[in-house]
Amino acid sequence: MQTSFRWYGHSDRVPLVWLRQMMPRPLVVTHLGHVPPGEVWPREDLQLLRTELTEHGLGLGPIESVFWTDAMKLGRPERDEHIENYIKTLDHLREVFPEEPEIIITYNLMPLDWGRTAVAHLHANGTRGLAYDHAAMDRIDLSRGLFLPGWSKRYSAEDFRALQQAYAECGEEGFWKNARYVLDALVPAAAARSMRLAAHPNDPPWGYLGLPAYLGNAAQIRRLLALHPHRANALCFCTGSYGAEPSNDIIGMIREFKDSIAWMHLRSVKTTGEKRFHEADHADPTGNVNLLQVMRTLVAIGWDGVFRSDHGLELLHESDTVTNGYPAIDRYVANKMLWAYQQALTAAS
């Protein structure tokens, strides 16, 4: 297995030189955040990214993410243009990174980005991290618009009402019909370029603020994979996202979908009430997800892909290097711990 590390480009407070210092040296998980969803990623910008990675002795990891637009999810007239641009982006990625045997392209089916009600929830030991409280979410006054922690986009009250109405009118069956249309176009294009499309689950794995969740449990995973059965129609399996719902059998899901898991986000959360949780330390045995057990399962089934520690807790006065709940120190420590788990478990098997 290979470790990887999320890097947000030049806006990230974690510089590439820090990634070069990590052991094992991780693959770089990144994207072109300045390009709006639906537009083509310029070849020149990707070439600059490649040059930077090469200068630091770093390799490309999974792309996170080439986003699907609302037009693609809702079946709006401009979806065909956005699909065409998506495929052009795949072309440019393959042209700039021709030596990569397989490139993983992450996307998500969320009407919104990941949702939290706090990015600095205080833990008893003084660390801080992301937290979600559904009751607090329900108390948000949407008449004033919406901007949640971690988001880069603000919604006016009118824009958010329009978004709610659009997904309500589309309905669940309409959404899955639209998803099939997109996958029928993108999966063959990805396969022809030796790429895998990896769907990230809803985070949290349930609907909120009047918007639905389409990928939050095993049944919904089965439905996604059945839309276009192919190796290129795959998963970015996030143990924390699925683990926020206590009824999800994380180990059973990994075993069932092992052939469809393109790569892994490894983290845990701790439930503190009905639809209420906070990020847990990666090594916390009382969290919803036992990451030692997860790694033991991955070794046992022979899974040999890319993983990255996800989110984490701000510790050791690290506030200067926190980006949207992604502290550098804890993610690095967790990567090293998970890699050590894998090394020990592999040697013992």
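The values are calculated or read from the model by the stated rules, or taken from the named source; none is laboratory data. This is a predicted model, so every value here is computed, not measured. As a convention, Cβ positions derive from the backbone with ideal geometry for all residues, glycine included, and neighbour counts pool all protein chains shown.
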Within segment 94-108, count every residue that is surrounded by fewer than 22 Cβ atoms within 10 Å (Cβ to Cβ) and closer than 25 Å to residue 331 by Cβ.
5
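Where residues in segment 194-216 are small (Gly, Ala, Ser), assigned to a loop (DSSP other than H, G, I, E, B) and in contact (Cβ under 8 Å) with a residue 40 or more places away in the chain, which of them is farthest from residue 106 (Cα to Cα)?
Quick first cut of segment 194-216, residues small (Gly, Ala, Ser) only: 194, 198-199, 207, 210, 213, 216.
Those left that are additionally assigned to a loop (DSSP other than H, G, I, E, B): 194, 207, 210, 213, 216.
If we keep only those that are in contact (Cβ under 8 Å) with a residue 40 or more places away in the chain too, we end up with 194, 210, 213.
Numbers: 194: 14, 210: 25, 213: 17 Å.
Top of the filtered list is 210.
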Test: residue in segment 244-267 that is more than 17 Å from the chain's Cα centre (by Cα), closer than 23 Å to residue 335 by Cβ, modelled with pLDDT of 95 or more and part of a strand (DSSP E or B)
no
Scanning segment 127-147 residue by residue, those closer than 18 Å to residue 311 by Cβ and either loosely packed, with under 11 Cβ neighbours inside 10 Å or of a type in the set (Asp, Glu) (or both) turn out to be 133
Take the residues of segment 34-43 that are closer than 23 Å to residue 113 by Cβ and not acidic (Asp, Glu): which is nearest to the chain's Cα centre (by Cα)?
37
Give all pairs with beta carbons closer than 9 Å in which a residue from segment 22-51 that is closer than 11 Å to residue 3 by Cβ meets a residue that is surrounded by fewer than 13 Cβ atoms within 10 Å (Cβ to Cβ); count only pairs at least 6 apart in sequence or on separate chains.
25/57
Qualifying positions in segment 272-297 - in a strand (DSSP E or B) and closer than 17 Å to residue 335 by Cβ
279, 280
When segment 44-64 is checked residue by residue, the ones that are buried (at least 19 other Cβ atoms within 10 Å of the Cβ) and either outside any helix (DSSP H, G or I) or within 16 Å of the chain's Cα centre (by Cα) (or both) are 58, 60, 61, 62, 63, 64
